[in-house]
1. Can you list residues whose amide H is under 5 Å from Asp84's amide H, if they're 5+ apart or on another chain and H is modeled 1.01 Å from N?
2. Using only the Cα atoms of the stretch 57-118, build the gyration tensor, take square roots of its eigenvalues as a ≥ b ≥ c, and label the shape rounded, prolate or oblate: rounded if a/c is under 1.5, else prolate if a/b is larger than b/c, else oblate.
3. Solvent-accessible area of Ile42, probe 1.4 Å, all protein chains present, reported in Å² to the nearest ten, please.
4. Give me the net charge of Thr106's neighbourhood, meaning all other residues with Cβ under 9 Å from the Cβ of Thr106; Lys, Arg count +1, Asp, Glu -1.
5. Using only protein heavy atoms and a 1.4 Å probe, report how much of Thr51 is accessible, in Å² to the nearest 10.
6. Residues with beta-carbon under 14 Å from that of Glu93, excluding Glu93: net charge, scoring Lys, Arg +1 and Asp, Glu -1?
7. Spin-label point model (7 Å from Cα, Cβ direction): what's the Asp21 to Arg94 distance in nm?
8. Between Tyr102 and Arg49, with labels modelled 7 Å along Cα→Cβ, what's the label distance in nm to one decimal, could you check?
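The values are calculated or read from the model by the stated rules, or taken from the named source; none is laboratory data. Remember, predicted model here, so these are calculated numbers, not experimental data. Cβ sites come from the backbone with ideal geometry, for glycine too, and all protein chains shown count toward neighbours. Only protein heavy atoms, including side chains, enter the accessible area calculation; ligands, DNA and RNA are left aside. Shrake-Rupley method; radii C 1.70, N 1.55, O 1.52, S 1.80 Å.
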Amino acid sequence: QIRTFSLPKYMTYYANGWKDDAAWFGEGTIHSDTLVITEDYISAYRVYRDTGCDSVALLKTTMSKYTEECLLKANYKRIIVWLDPDEAGVKGERKITQRLRYITGTEISPACWDQEPKELDPRTLKRVLNGL
């Protein structure tokens with residue numbers, strides 16, 4: 001993946017044979033009963049590092065069936081969907097929240113926060129996640 005300071009913001013290339021299209025932090029070890037779904041790597045990493053919650057970076061505003069299946073197998077008690085606060089992110093957050101409420105018995109919370117996790121200091125990030 002490439003980060004630039006002009007459009008496009010990210011370019012993603014998938015390796016042949018790679019099944020998952022998202023980046024998981026904590027997946028497999030499940031040390032938390034909470035999963036935070038973000039749009040980008042940095043936000044997902046910050047959530048994982050600063051709060052102890054598992055996280056996943058979708059790298060877009062939609063969730064693939066494969067990521068959905070992985071999430072269902074993990075059996076989280078609480079899922080927070082926290083995408084970017086732009087128009088696409090808000091729309092994606094709403095769709096993902098509705099879908100996950102439908103297919104799981106899990107508490108699903110849309111973040112509806114005007115900042116991304118990567119923009120918050122660790123203390124504020126913990127406070128925000130505990131308040132959702």
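1. Counting only residues 5 or more places away or on other chains, the set is Glu39.
2. Values: a/c = 1.83, a/b = 1.57, b/c = 1.17.
In terms of gyration-tensor shape, prolate.
3. For Ile42, solvent-accessible area is about 90 Å².
4. Details: positive: Lys77, Arg78, Arg101; negative: Glu107.
Residues near Thr106 contribute +2 overall.
5. Number for this one is 40 Å².
6. Working: positive: Lys60, Lys91, Arg94, Lys95, Arg99, Arg101; negative: Glu39, Asp40, Asp84, Asp86, Glu87, Asp114, Glu116.
That works out to -1.
7. Placing both labels 7 Å beyond Cα along the Cβ direction yields 2.2 nm.
8. 3.6
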